[in-house]
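To start, the structure itself, in structure tokens.
The values are calculated or read from the model by the stated rules, or taken from the named source; none is laboratory data. Please read all numbers here as calculations on a predicted model, not as lab measurements. With ideal geometry, Cβ positions are generated from the backbone for all residues, glycine too; neighbour counts draw on all protein chains shown. For accessibility, only protein heavy atoms count, side chains too; no ligands or nucleic acids. Shrake-Rupley method; radii C 1.70, N 1.55, O 1.52, S 1.80 Å.
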Amino acid sequence: MSGAGWQLAYSYECEVFEGSAFRVTWGINEGDGLGPVATMCLGDRYALNSGCAALRLKLSIAEVIRLGEVIGTPSGLLLQGARVFVRGELKFMSTDGELVTALALQTGSAVVLLPLNPMRLAMDYTLISVNPDVAELRISELVTGCFAPGARVTLGDGGLCPVEALRIGQTVRTRDHGPQPLRWIGRVTTRAHGAFAPVTFPAGSLGNLGALTVGPLQRIFLYQRGEERMGTQAEVLVQAQYLVDGRRVLQREAGFVEYFSLVFDQHQIIYVEGIPVESMLVSRATLERLPATLAQDLSERFPQLNQHAHFAQDIPVEKVTAEQRATILRDKAK
């Protein structure tokens, strides 16, 4: 971990796949699982075994990264307390054109894959880039509730205010609790890369008044009508990255991006560019995933905050089919 802001020991949970579950299906290393980055060959096609399950690693991060806990059914090579090293950054292109960035981690003799974008089981991914010089574990610098400059937030009086112009104490309109005072504004600049690359919804694609750029983990509130629902409830929350269709809704990697996070006394559904989205959820778990400087400031100012998530159902990526995505964007654009 690098950067002067990272001073406190904390933990980070991530989902990984054992290297043996990510095998070359075609190419020079055909049949081999993920191994040392020095042995990887550009152009090889990899796929996650159709029956494999992700493991959740709980990493203890201070001056060095150590494996604190493994949640799942590992092979036995992942040992609690072992040091974890980043061996390189990998880029893959799926057969249908999706770019995926991942990190190769090593702990003891085990090599594991940490995808920074969702990866699909049994999908072929062609290796297009290997960067062995990446040595940092890029933890999730943003949790949810992050908006790029220019996104207009609906205030308590119905007016619109760009997120970068908001002030603590201003009232913001919420879906469930009327006007609520804004308690905290987080601001961070990060590389627009991999899992942090912003998602842009053009005006009208979700019924939004103007173009809206958000972090990929930002969840959009949807009210579903009819029988063909995602999940079991009419009210759902869907991450922005799951609505990227490659034509209208795009995720772009280039340079840096600035994100703003909004916190209220309770986790809220607010309106940004006229559409309902969630505020940042503050809990002991999410604080661990914030940059240390932001997490420390937020926890010191509001030590009592341990919010409960909104009752709307969270929808995982596998529940958002291409047909459902097209229907959502078509219906909202009317």
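Looking only at segment 203-211, decide whether some residue is surrounded by fewer than 20 Cβ atoms within 10 Å (Cβ to Cβ), among the hydroxyl-bearing types (S, T, Y) and at pLDDT 90 or above. Spell out the reasoning first.
Initially, segment 203-211 is screened for residues surrounded by fewer than 20 Cβ atoms within 10 Å (Cβ to Cβ), giving 203-204, 207, 209-211.
Next, from what is left, pick out any that are among the hydroxyl-bearing types (S, T, Y): none.
No - not one qualifying residue is present in segment 203-211.
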| note | Scanning segment 168-182 for residues that are open to solvent by less than 20 Å² (accessible area, probe 1.4 Å) and either over 25 Å from the mean Cα position of the chain (by Cα) or of a type outside the set (S, T, Y) (or both) gives V172, L182
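When residues of segment 104-129 are filtered for being hydroxyl-bearing (S, T, Y) and closer than 21 Å to M93 by Cβ, how many remain?
Taking segment 104-129 as the starting set, the residues that turn out to be hydroxyl-bearing (S, T, Y) are 107, 109, 125-126, 129.
Right, trim to closer than 21 Å to M93 by Cβ and you get 125-126, 129.
Selection size over segment 104-129: 3.
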| field | Which numbered condition A104 misses (of (1) open to solvent by less than 60 Å² (accessible area, probe 1.4 Å); (2) farther than 30 Å from V320 by Cα) | value | (2)
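Whether any residue in segment 17-25 is over 16 Å from P115 (Cα atoms), among the hydroxyl-bearing types (S, T, Y), in a strand (DSSP E or B) and at pLDDT below 95 is what I want to check. Give the steps one after another, and end with the answer.
Here is the first cut: in segment 17-25, the ones over 16 Å from P115 (Cα atoms) are 24-25.
Keeping just the survivors that are among the hydroxyl-bearing types (S, T, Y) gives 25.
So of that shortlist, the ones also in a strand (DSSP E or B) come out as 25.
When the remaining residues are screened for being at pLDDT below 95, the result is none.
Looking through segment 17-25, none of the residues is over 16 Å from P115 (Cα atoms), among the hydroxyl-bearing types (S, T, Y), in a strand (DSSP E or B) and at pLDDT below 95.
Return yes when V70 is in contact with a Lys or Arg (Cβ under 9 Å, 6 or more places away or on another chain), over 15 Å from F92 (Cβ atoms) and hydrophobic (A, V, I, L, M, F, W, C) and no when it is not. Steps first, please.
Working: in contact with a Lys or Arg (Cβ under 9 Å, 6 or more places away or on another chain): yes; over 15 Å from F92 (Cβ atoms): yes; hydrophobic (A, V, I, L, M, F, W, C): yes.
It is true that V70 is in contact with a Lys or Arg (Cβ under 9 Å, 6 or more places away or on another chain), over 15 Å from F92 (Cβ atoms) and hydrophobic (A, V, I, L, M, F, W, C).
Among the residues of segment 60-75, is there at least one that is of a type outside the set (V, I, T), open to solvent by less than 70 Å² (accessible area, probe 1.4 Å), at pLDDT below 90 and within 13 Å of V112 (Cα to Cα)?
Residues of segment 60-75 that are of a type outside the set (V, I, T), as a first pass: 60, 62-63, 66-69, 72, 74-75.
Cutting the leftovers down to open to solvent by less than 70 Å² (accessible area, probe 1.4 Å) gives us 60, 62, 67-68, 72, 74.
Then keep just the ones that are at pLDDT below 90; that gives 60, 62, 67-68, 72, 74.
Still in the list and also within 13 Å of V112 (Cα to Cα): 67, 74.
For segment 60-75, residues of a type outside the set (V, I, T), open to solvent by less than 70 Å² (accessible area, probe 1.4 Å), at pLDDT below 90 and within 13 Å of V112 (Cα to Cα): present.
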| field | Residues satisfying the stated conditions in segment 114-135, i.e. at pLDDT 95 or above and within 27 Å of V188 (Cα to Cα) | value | none
| strands (runs of 3 or more DSSP E) completely within segment 53-132 that count 2 or more residues being among the β-branched types (V, I, T) and within 21 Å of the chain's Cα centre (by Cα) | 65-71, 99-107
| What tally of residues in segment 136-167 results from selecting those that are in contact with a helix residue (DSSP H, G or I) (Cβ under 8 Å, 6 or more places away or on another chain) and either open to solvent by 50 Å² or more (accessible area, probe 1.4 Å) or modelled with pLDDT of 95 or more (or both)? | 5
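Yes/no matrix, rows are residues, columns are (1) of a type in the set (F, W, Y); (2) in contact with a helix residue (DSSP H, G or I) (Cβ under 7 Å, 6 or more places away or on another chain); (3) in contact (Cβ under 8 Å) with a residue 24 or more places away in the chain:
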{"site": "D32", "(1), (2), (3)": "no, no, no"}
{"site": "T39", "(1), (2), (3)": "no, no, no"}
{"site": "R45", "(1), (2), (3)": "no, no, yes"}
{"site": "A53", "(1), (2), (3)": "no, no, no"}
{"site": "L59", "(1), (2), (3)": "no, no, yes"}
{"site": "R66", "(1), (2), (3)": "no, no, no"}
{"site": "L78", "(1), (2), (3)": "no, no, yes"}
{"site": "L99", "(1), (2), (3)": "no, no, yes"}
{"site": "A104", "(1), (2), (3)": "no, yes, yes"}
